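Undergrad: This is the structure, below, for whatever I ask next.
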Amino acid sequence: GAGVSQSPRYKVAKRGQDVALRCDPISGHVSLFWYQQALGQGPEFLTYFQNEAQLDKSGLPSDRFFAERPEGSVSTLKIQRTQQEDSAVYLCASRLGGGSQPQHFGDGTRLSIL
Amino acid sequence: TQLLEQSPQFLSIQEGENLTVYCNSSSVFSSLQWYRQEPGEGPVLLVTVVTGGEVKKLKRLTFQFGDARKDSSLHITAAQPGDTGLYLCAGGNNAGNMLTFGGGTRLMVKP
């Protein structure tokens, strides 16, 4: 597709379950970002990949959060032992190259933890 | 930690009115971007400003980057109902490895 694709669009899980969120970036985009957006707030940075290398994971809120991009294309954000405070929209963005270029966002995965 | 504060948080105006949204920080950013986000969708980039004092116009929208690259404003002239949405400012760091977003301004333009 032409844009960033995220799946699933909606995910409901019980507290304590593990979840995996997928991001398909725009073809050829080197950089990939994950953000967390709580209801009524702006997105907050979670982690950044350049190709398959995770260069910055300073925004991951706890060691229950793990992201990977093994082949430098598709990325997965995994959350283990989910908590209610993990409920949010998780946004993925990709960028063609360097820092001055724009980030293109997917429509997000809305995660609800019951 | 870099923070961006947006004001106002909410704005409800009548069609045809003008408005300004502000984005302020105590930190210097290498670039400042404005996004618009519709419900259920990801943010869509409106503009990027990189030079202190820079002004960019996009139809009825005027964006300004402060001289010290710590603040920015978005001015909309003659607002229309189609302008309704969440407006987000985001600052880029020198490394280009993240965007710091403001909390957003939710704009409603009533016909």
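Every number in this text was worked out from the coordinates using simple rules, so none of it is lab data. Note that this is a predicted model, so its numbers are computed, not measured. Virtual Cβ from ideal backbone geometry, glycine too; neighbours counted across all protein chains shown.
Undergrad: Of all residues in the stretch A:87-102, which are among the small types (Gly, Ala, Ser), more than 9 Å from chain B (Cβ to nearest Cβ) and closer than 19 Å to A:ASN51 by Cβ?
TA: Step one: list which residues in the stretch A:87-102 are among the small types (Gly, Ala, Ser), which gives A:87-88, A:93-94, A:97-100.
Next, from what is left, pick out any that are more than 9 Å from chain B (Cβ to nearest Cβ): A:87-88, A:94, A:97.
Result: A:SER94, A:GLY97.
Undergrad: Over 30 Å from A:PRO8 (Cβ atoms) and in contact with a strand residue (DSSP E or B) (Cβ under 6 Å, 6 or more places away or on another chain), is that true of B:SER25? Write out each step before concluding.
TA: Working: over 30 Å from A:PRO8 (Cβ atoms): yes; in contact with a strand residue (DSSP E or B) (Cβ under 6 Å, 6 or more places away or on another chain): no.
So B:SER25 does not fit the description; no.
Undergrad: Considering only the stretch B:67-81, state which residues are surrounded by fewer than 20 Cβ atoms within 10 Å (Cβ to Cβ) and under 23 Å from A:PRO43 (Cα atoms).
TA: B:LYS70, B:SER73, B:HIS75
Residue-by-condition table, conditions (1) away from chain B (no Cβ under 14 Å); (2) out of contact with any helix residue (DSSP H, G or I) (no Cβ under 6 Å at 6 or more places or on another chain); (3) surrounded by fewer than 20 Cβ atoms within 10 Å (Cβ to Cβ):
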residue	(1), (2), (3)
A:ALA20	yes, yes, yes
A:ASP24	no, yes, yes
A:SER31	no, yes, no
A:GLN37	no, yes, no
A:ALA53	no, yes, yes
A:LEU60	no, yes, yes
A:GLU68	yes, yes, yes
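Undergrad: Residues that are more than 9 Å from chain A (Cβ to nearest Cβ), without any contact (Cβ under 8 Å) to a residue 24 or more places away in the chain and more than 10 Å from the chain's Cα centre (by Cα), at least 3 per element: which strands (runs of 3 or more DSSP E) completely within the stretch B:30-111 meet that?
TA: B:55-58
Undergrad: What number goes with the only condition from (1) assigned to a strand (DSSP E or B); (2) at the interface with another protein chain (Cβ under 10 Å from one of its Cβ atoms) that B:SER12 does not pass?
TA: All conditions pass for B:SER12, except number (2).
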